[in-house]
Structure formats: structure tokens, C-alpha cells
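*Asks:* For reference, the structure I am asking about is given below.
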Amino acid sequence: MGKITLTSVRKSFGEVDVIPSLDLSIEDGEFVVFVGPSGCGKSTLLRLIAGLEDTTSGSISIDGQDATDLPPARRGLAMVFQSYALYPHMSVKKNIMFPLKMAGMDVAEAEAKVANAAKILNLTNYLDRKPGQLSGGQRQRVAIGRAIVREPKAFLFDEPLSNLDAALRVNMRQEISELHQTLKTTMIYVTHDQVEAMTMADKIVVLNAGRIEQVGSPLELYRSPANTFVAGFIGSPKMNLITGAEAAKHSATTIGIRPEHLDIVADGPWQGVVGLSEHLGSDTFLKVAVAGMEPITVRAGGELNLHHGDRISLAPQAGKLHRFGADGKTLA
Amino acid sequence: MATAHSRTAARLMVSPAVILLFLWMIVPLGMTVYFSFLRYNLLTPGTSFAGLDNYYYFLTNAAFWDALVNTITLVVGVLLITVFGGIGLALLLDQPMWGQGIVRVMVIAPFFVMPTVSALVWKNMFMNPVNGMFAHIAKALGFAPYDFLAHAPLLSIIVIVAWAWLPFSTLILLTALQSLDREQQEAAEMDGASTLSRFWYLTVPHLTRSITVVILIQTIFLLSVFAEILVTTNGGPGTASTNIPYLVYAQSLLSFDVGGGSAGGIVAVILANIVAFFLMRMIGKNLDA
Amino acid sequence: MARKITQTRKTTVTVIAWIIGFLIFFPILWTILMSFKSEGDAIKAPLAMLTSHWTLESYGEVQERSNYLRFFMNSVVISLGSTILALVIAIPAAWSMAFVPGRRTKDLLMWMLSTKMMPAVGVLVPMYLMFRDFGLLDTRTGLVVVLTLINLPIVVWMLYTYFKEIPGEILEAARMDGANLRSEILYVLTPMAVPGIASTMLLNIILAWNEAFWTLQLTTSDAAPLTQFIASYSSPEGLFYAKLSAASTMAIAPILILGWFSQKQLVRGLTFGAVK
Ligand SMILES: Nc1ncnc2c1ncn2[C@@H]1O[C@H](COP(=O)(O)OP(=O)(O)OP(=O)(O)O)[C@@H](O)[C@H]1O
Ligand SMILES: [Mg+2]
């Protein structure tokens, strides 16, 4: 079980309201990702759930029980830190066994669990090493091992992959996803990496300045962002947001169109000049200057032969245009 | 990283240290304050209220002012020697050389010697005008031996104390030097900075934190130099090498004047607090930045 | 950037460093040498002394005069006892200040240090009277208590600077893993801080071993440590250089040897947070 409910949770550090007031419900077995810009309060929220920080007001319940005032040790959650936070003086085995030792588990039983976790995580050959003698990816796995042996109600991850190189990130990302499928335990995962959020999450929570902007599945957020913030935040490259006369034509304050939803046509409504073009092989990203509008990013086919200064015309795909009101909210 | 739980725990866990130090500070100090207002001599029975007399006598005693000057001279003198000597030695020891480990062992040794021993050794084996090493050397060179402890008592004590503390400052400064950022030095060298300007603009600022620490810790200990004086000169000749701790000691335990000694003790505490105040501000600014 | 260190330069540095090192060490060396001479030879001019014959007689005489072992044991008990007690009090305090810092933490630390600036003479008389009344005069217990208190601020400070270098996340991880405060400190913090605790311990043992105010004022015989042992040689009674040297050597040798062997650990801790 691992249902976590936050009700009117508020957190301030001294005078600063980091989280004004927040309600959130996380279902058992869900993989929830918190995303948002740096400093928006993702870690703080996670630490509130973990019990490493006190809520200023509001309540947190885990599996229907009020956990607001429980110390971290008694919440039954496990956390994987960005810095791994392994115990440097203990071997890998001792590290993984530590939570079991704290729980007073019988040594033989604990050893069996550690051996099992080590097998799942491919750590069997490293059990006697110290964390200092491991690679980044292996350390990450030890941290995960330490979390899983406890069979927690939920896992909390705070940017666990940000210290790894690009290739390893992709691997670990898949491993964590697989782990979630095997264990079916609730996971809460903080990241500011788009791709991680989109690929791993059952449910994404977009945070901005301590407030929830939108909660939904990756595709929901992609298809129907609730406001300009989410629209700009989810999707890569970012959605083009256009204001002024062009938006007024659609009776909106802002209109948005994703780069992949623009076609280069012979005779489209928007005429522009190609500025920068980035050839990625599979795709080409063009920056196009259109008179009277913000610079527009267009995603086009890989082997496109367009260059700086070329004139093109663009057409938004039907039904893919998003309209936002003066308050930034999506118009029905 | 603080929750109410951990803050409560934290308060509980500092409290033994705080309470003990507070008691240590306040109980004997309270008693000293109390005694300082009494006419209280261990040789004459009974006590009576003395008002501020004890303070009056202590502060108007010429010995007090001598002791004050001597205390300051001692602290400043030793600090000057150990800080500058320490920088020099640290720079020297930081160079590549043969047998660095052995040199370090030799340099660090005086720090392990207890004050009574170092004072006795210097007094007898080195500064003694008849059989001391210096006297032997003077005679061998055809000079008359000089009685250091009789003619330059304070300077002699400064030398003895500085010898004992030089290793401490050297080691701290050496550690600091070794933590210097080599790349930064090399970058400066690429920028065309000379050895001297690199020392001045990079090394010295890097060392200031360590120097403040050296000054703070040494001052704490130097303000209360006692054994070295007791063993070598007994504060003499006259008051030439009496510092405040020794003066208070002489007053209370040698002339059994508890009242007067206590008044002296309180004066010493007040003076130390003045020094502490300035020192702590200086350190506070420099540390933990 | 390859750096060529010329042989001449290295030689010059070596020679200068060895000379200075030797001069600094010389008083100790000389004392040790002299302790192996007879009284008559010890006061000869340096060269004549060096070439005279070697003997252990001074050690015998010193031992006859006062039982070295008793003073030595007192020194060991007092310095170890006060060090351990100070650590037990200081580790939790330093944990609090390093990991749950408040606005007042730095002030608290500075206040603790400032108690160390309080001159001992200022409270000598009441301490003496209290010790007398509690029957603590000339007891090891009494000295352990006093030395614990006077070194506590330095111990707290050193541990604090050490603990601050330990990432708080590791302690939070322990908390998430179900450790209570006691386990967190005992199984995670303390083992991680072993180098820092070791150097703090060493420095404290040295300071306690060499403390020569309270040990001289509050003991006479039963609990007298080596500082007393040596102080009895401060009043001249004729020619006694060899005996003084022997006694001095016996008083400093244990801590000198300990210090030399544990130099590296000691030095590592001596930075007081001044080196980042
Ligand atoms: N202990 C603290 N005291 C005061 N302010 C804090 C504290 N911890 C965090 N903050 C503030 O709270 C805000 C949110 O911080 P938080 O660490 O939760 O951000 P984040 O979303 O995790 O950012 P990042 O992506 O950079 O990790 C920041 O403005 C930060 O400065
Ligand atoms: Mg964060």
C-alpha cells in the first residue's frame, strides 16, 4: 500500500512562503513525477512527504493514517538522494543492510534480502566494496538497493540521475521504470528533465513557485496543457507562444503551437525568414522570424535543405492550436 | 534540514555542554565576585565586608600596571614571533627537500613538551649564567656570560613560550599552504604574476583564515601563561616578569589574601573578556564566511 | 606545466630546513643526551660533556626519589579520562550545532570559546575551596572534571568544524532508513568522523597531559601527574642537571612518542576549519 494525500500543505522558511498551499493525492502504485523550474519547491515538497521537513500547516496522510507529525523513520518511506548519500565507511552490503539492522531484523533474514536485492541490481560482485570504489551508476544502484530492501510504502527519488552521464541516465531510467513494474510500489520522482518526466511517469505534477500548475498523465499535459506555463514547460523543443494581433485573430491573448505541429507549405498563413537551423540528423529545428510575431521554432524533417536567409511559409496543423486567455489559462 | 523533532533533539544534545560550561563559568565566578567584596585572609580568622577596598588596592598597586603591561607584551611578543616565524617555517617546509618527514618531526616536537619541563630546561640548561649552554658559548667566544633571566626576564620568558608555540602555528599554516589551489597559482603564473605578487595576492589572503585561528587559540593560552613564570623567575626580579595570572596567584596563594586575590581575579576576567570581545568579532567575521 | 626543480635549490632548502629543524629540536635533544650523564659531567662545557661516558645512574636516582610510575599512571588516567568525558559531552553538542544550526549557533560557539578565555586564576580560590569541601582535592576525579571543562570548548569547536564537512544528506538517509538519533550518531556520524575525532582526541590528550595550572594547584601527591613530578625539580638544590634531564625526559617521552607516531592524524585536525 502506498497512498499519499497532502491536504492544504503549506511550507515557509522564515518569511518566505516556499509552498503557499497545496493539495495532492497520490494513488497506490503510481509513478508520480514532480517537474518544475529550479527553486520551485520540488525538493521541499518531497522532503515534506519524507518527514525531513515539518509542514508549516496542513496535513499529510499515508495510507489513510495521519503522518504529519511522524518522524521520517516511522513513515515507512524510502528515499534515494541526488548525492546517493551512501555511508562511506560501510561496505555495499552493510549499506544495503543498514535499514534492516535499524528495523532489528534477524541477520540471516537480512542477508537473504540483501543478496536478493543485489541480484536484482547486479551488485552481487561488489558487495564487499566500499562506496568510494564504485562508479556513479553502481553507487546509484546501491542507493536504490538500500531503498528496496525495506519494502517501503513508497519510494522518493530526488533527481537521482542528475549526476550521471547521458548514456548511463538512459540505462538507469529504464532500470527504475522496470523496477516500478516489478515492485508495483508507489514512486515519487523529482526531476527537471523533460524526457525523464514524459517517459517514466504515470502522472506528472507540474510545479511553479510552490503551486501545482497541472496534474495529469504525460499525454494529457502534452495534448491539453492547462495554461501557458505548462504549455511552455512540457514538450521539447518548447511550444511556440504567440501574442499580439495574431492571437487576437483567434480571440485569445496568447496562442500556442508546438514546433512539430507546424508544416512548411507553399502558401501558408505565416511568412518568415529562416534564422538558425539545427540539423540533428533525424530532425531539423528551424528558428523562423515571422513579421509581427515572436521567433517561431519549427520541427522539420531530417534531411531538409534550408539555410539562413531562406524564405518559407508555415501553416499550423488543424486542431493543434492552443488558445490562452489573459490569465494564461487555456480557453475552452 | 530541521524538523521540530530534530530541533528539540538538538537542544537536548547541546544542553549538557552548555549547562556544564555555564556552571563552570558562573559558580566559581560568583564566588570570586563574592569574595572580592570581603576582607578575607586565610591567616586571620573571620571575614568582613570590605566594599570596593580590595579592588581599590589591587588597581592602585603599581604591580598591577606592570603586570598588565607585561601580560600584553608577552601575548603580543609571542604572537609576533610565532605568526611570522610560523609563516616562514611553513613556506620553508612546503618546499621540496630531502628528509621532510624528519624535519617535520623535529619542528613539531616542542609542542609536546609540558610548560614546566620546557621552562626548567631553558632556565637551567640554556640560560643559566654559569653552566648553561649560552654561558658556555659566550665564554668560548670570549664574552662575559649574560644572565638572561635576571636581566631580561620577560624577553626570556617570551622566547621560551614562543619556542613551545611555534610548532602549533607552523603546522596550521603549513596545512593551509598545502591546501592552496595549485591551478590558481599556475593560472596566475600564466597571467604573468611574479612570485612575490602571487605570494601577496594569492597566498596571503588564503592564509588569513588560518592566521586568525592561530591568533585566537594562542591568545587563549597565552593570556594564562603561568607555569613558565612560576618555574623560571617567580615573577621577578621585582615585578619585571609578573603577568596578571601570576600576580593574582601571588596575591591569593602566596600572601593568603583571598579577598584581594579575588578582586584581582575579577579584574583579570574583565580584561580577558575585553580581549575576547574584540578577538571573537575578528574571528567571527573571518570564519564561517 | 612541467616544473624543473634544480638540484641546487633543493639542496639549499634541505640544508636550511635541517639546520632550523635541528635548532628547534635541540633543547629536547640536549636534555635527552644530558640525562645519560653523571651529574659531574652534565655541567661540563658542551663538547666535554658529549665525550664523557654514558650512564643510566640519573634515572636510578630520579626513580629513587619519587616513584615515576605513580605519576605516569595519574597522567594517563587524567588525560585519557578527561578526553573521553569531553568527547562524550561534545559529540552530541557538535552534532546539534553542525546539523541543526540556528541563528544563535555561531554565538553559542563563540561563547563557549570565550569561557576558555576566563583566566584560571580568577576562579582559583573558590575552586580550591570547593574542591576542599567536596573532598576532591588531590583526587583524579576532581582533575578529570576540571580538565574536561577547560578543554570542552576546544573539543566542541574542532568536532564542529569536522562535522560541518559531512554532508547532511547522509544523516538524512540514515533517518529515512529508520535510524533513531542514537543510531544515527553512533553508527553513521561517529564512524564517518573518525579521523576528526581521532585528531581531536590526540590534541586533547596532549593539552591535558601538559596542563600545568590546575594539576599543580589541585594535587599534592595521590593524584599528582607528571607536571607535579617535574615541578619538584624547580627549586635548585645544588647541581642536578643530569637528574633534571632524566626526570624531564621521563615526563615528556610518552607524549612525545605518541605525538610523533600520530603526527598525521593530529595535523589533519589542527586546522579548526580554517582550511577549506
Ligand atoms: N532550508 C531552507 N531555508 C530557506 N530557504 C530554503 C531552504 N530550503 C529551500 N529553500 C528555498 O525554497 C525554495 C525551493 O527550494 P527547493 O530545493 O525545494 O527547490 P527545487 O525545486 O528542488 O530546485 P532544484 O531543481 O534546483 O533542486 C528555494 O527558493 C530555496 O531557496
Ligand atoms: Mg531540488
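The values are calculated or read from the model by the stated rules, or taken from the named source; none is laboratory data. Just so it is clear, the model here is predicted, and its values are computed rather than measured. Every residue, glycine as well, gets a Cβ built from its backbone with ideal geometry; the counts of neighbours run over all protein chains shown. When the accessible area is computed, the model is the full protein with side chains, heavy atoms only, and any ligands, DNA or RNA have been set aside. Shrake-Rupley method; radii C 1.70, N 1.55, O 1.52, S 1.80 Å.
*Asks:* So for the range B:1-11 (the condition being open to solvent by 20 Å² or more (accessible area, probe 1.4 Å), farther than 14 Å from B:V258 by Cα and more than 9 Å from every other protein chain (Cβ to nearest Cβ)), does at least one residue qualify?
*Replies:* There is at least one residue in the range B:1-11 that is open to solvent by 20 Å² or more (accessible area, probe 1.4 Å), farther than 14 Å from B:V258 by Cα and more than 9 Å from every other protein chain (Cβ to nearest Cβ).
*Asks:* I've got another one for you. When A:T55 is evaluated against the numbered criteria (1) within 15 Å of ligand 1 (Cβ to nearest atom); (2) away from chain C (no Cβ under 14 Å); (3) open to solvent by 40 Å² or more (accessible area, probe 1.4 Å), which criterion, by number, is the only one it fails?
*Replies:* For A:T55, the exception is condition (3).
*Asks:* Evaluate the range C:214-229: report whether one residue or more is open to solvent by 10 Å² or more (accessible area, probe 1.4 Å), free of Cβ contacts under 8 Å to residues at least 12 places away in the same chain and more than 8 Å from chain B (Cβ to nearest Cβ).
*Replies:* No, because not a single residue in the range C:214-229 is open to solvent by 10 Å² or more (accessible area, probe 1.4 Å), free of Cβ contacts under 8 Å to residues at least 12 places away in the same chain and more than 8 Å from chain B (Cβ to nearest Cβ).
*Asks:* So which strands (runs of 3 or more DSSP E) are wholly in the range A:202-275 and hold at least 2 residues that are of a type in the set (S, T, N, Q) and more than 18 Å from A:C40 (Cβ to Cβ)?
*Replies:* A:240-243
*Asks:* Which ones in the range A:39-52 are of a type outside the set (A, V, I, L, M), within 16 Å of ligand 2 (Cβ to nearest atom) and either closer than 27 Å to A:E111 by Cβ or buried (at least 17 other Cβ atoms within 10 Å of the Cβ) (or both)? Outline the logic, then answer.
*Replies:* First, the residues of the range A:39-52 that are of a type outside the set (A, V, I, L, M): A:39-44, A:47, A:51.
Those left that are additionally within 16 Å of ligand 2 (Cβ to nearest atom): A:39-44, A:47.
The answer is A:C40, A:G41, A:K42, A:S43, A:T44, A:R47.
*Asks:* OK, next. Quick check: anything in the range A:37-52 outside any strand (DSSP E or B) and more than 14 Å from ligand 1 (Cβ to nearest atom)? Full working, then the answer.
*Replies:* Step one: filter the range A:37-52 for residues outside any strand (DSSP E or B), giving A:37-52.
From the residues that got through so far, the ones that are more than 14 Å from ligand 1 (Cβ to nearest atom) too are A:51.
Yes, there is a match, as at least one residue in the range A:37-52 is outside any strand (DSSP E or B) and more than 14 Å from ligand 1 (Cβ to nearest atom).
*Asks:* Something else: Open to solvent by less than 20 Å² (accessible area, probe 1.4 Å) and small (G, A, S): which single residue out of A:A78, A:A73 fits that description?
*Replies:* A:A78
*Asks:* Select, from A:L123, A:L127, A:L134, the only residue that is touching a Ser or Thr at 6+ places or on another chain (Cβ under 9 Å), open to solvent by less than 70 Å² (accessible area, probe 1.4 Å) and either farther than 19 Å from A:F34 by Cβ or within 16 Å of ligand 1 (Cβ to nearest atom) (or both).
*Replies:* Numbers: A:L123 fails: touching a Ser or Thr at 6+ places or on another chain (Cβ under 9 Å); A:L134 fails: touching a Ser or Thr at 6+ places or on another chain (Cβ under 9 Å).
Among A:L123, A:L127, A:L134, only A:L127 is touching a Ser or Thr at 6+ places or on another chain (Cβ under 9 Å), open to solvent by less than 70 Å² (accessible area, probe 1.4 Å) and either farther than 19 Å from A:F34 by Cβ or within 16 Å of ligand 1 (Cβ to nearest atom) (or both).
*Asks:* Now for a different question. Considering only residues of the range B:153-170 that are among the aliphatic types (A, V, I, L, M) and open to solvent by less than 10 Å² (accessible area, probe 1.4 Å), which is farthest from B:V231 (Cα to Cα)?
*Replies:* Applying the first criterion (among the aliphatic types (A, V, I, L, M)) to the range B:153-170 yields B:154-155, B:157-162, B:164, B:166.
After this cut, where a residue has to be open to solvent by less than 10 Å² (accessible area, probe 1.4 Å) as well, the list is B:157, B:160-162.
On the way: B:I157: 10, B:I160: 12, B:V161: 13, B:A162: 16 Å.
Going through the qualifying residues, I end up with B:A162.
*Asks:* Being over 30 Å from A:G235 (Cβ atoms), modelled with pLDDT under 90 and away from ligand 2 (no atom under 16 Å from the Cβ) narrows it down to one of A:L121, A:L100, A:L134, so name that one.
*Replies:* Exactly one of A:L121, A:L100, A:L134 is over 30 Å from A:G235 (Cβ atoms), modelled with pLDDT under 90 and away from ligand 2 (no atom under 16 Å from the Cβ), namely A:L121.
*Asks:* Now a separate question. Return yes or no: is B:A119 within 12 Å of chain C (Cβ to nearest Cβ), more than 30 Å from B:T203 (Cβ to Cβ), touching a residue at least 24 places away in the same chain (Cβ under 8 Å) and not acidic (D, E)? Working first, answer last.
*Replies:* Numbers: within 12 Å of chain C (Cβ to nearest Cβ): yes; more than 30 Å from B:T203 (Cβ to Cβ): yes; touching a residue at least 24 places away in the same chain (Cβ under 8 Å): yes; not acidic (D, E): yes.
Criteria met by B:A119.
*Asks:* Please work out if B:F199 is surrounded by fewer than 22 Cβ atoms within 10 Å (Cβ to Cβ) and modelled with pLDDT of 90 or more.
*Replies:* The answer is no for B:F199.
*Asks:* Moving to a separate point now. What number of residues within the range A:155-174 are over 20 Å from A:S236 (Cβ atoms), away from every other protein chain (no Cβ under 14 Å) and either at pLDDT 90 or above or within 13 Å of ligand 1 (Cβ to nearest atom) (or both)?
*Replies:* Of the residues in that region, 0 qualify.
*Asks:* Further question on the same structure: Can you name the condition, by its number, that B:Q95 falls short on among (1) within 7 Å of chain C (Cβ to nearest Cβ); (2) more than 21 Å from C:Q263 (Cβ to Cβ); (3) open to solvent by 40 Å² or more (accessible area, probe 1.4 Å)?
*Replies:* The failed condition is (2).
*Asks:* I'm checking my understanding of the structure. Among residues of the range A:156-201 that are hydrophobic (A, V, I, L, M, F, W, C) and assigned to a loop (DSSP other than H, G, I, E, B), which one is farthest from A:P218 (Cα to Cα)?
*Replies:* As a first pass, look at the range A:156-201 and keep what is hydrophobic (A, V, I, L, M, F, W, C): A:156-157, A:161, A:164, A:166-168, A:170, A:172, A:176, A:179, A:183, A:187-188, A:190, A:195, A:197-198, A:200-201.
If we keep only those that are assigned to a loop (DSSP other than H, G, I, E, B) too, we end up with A:161, A:164, A:201.
Working: A:L161: 20, A:L164: 24, A:A201: 7 Å.
My answer is A:L164.
*Asks:* Within the range A:144-163, count every residue that is on the phi < 0 side of the Ramachandran plot, within 16 Å of ligand 2 (Cβ to nearest atom) and either open to solvent by less than 50 Å² (accessible area, probe 1.4 Å) or in contact with a strand residue (DSSP E or B) (Cβ under 9 Å, 6 or more places away or on another chain) (or both).
*Replies:* The initial filter retains those residues of the range A:144-163 that are on the phi < 0 side of the Ramachandran plot, namely A:144-150, A:152-158, A:160-163.
This time we only want the ones that are within 16 Å of ligand 2 (Cβ to nearest atom), so: A:156-158, A:160-163.
Still in the list and also either open to solvent by less than 50 Å² (accessible area, probe 1.4 Å) or in contact with a strand residue (DSSP E or B) (Cβ under 9 Å, 6 or more places away or on another chain) (or both): A:156-158, A:160-162.
Residues that pass the stated criteria total 6.
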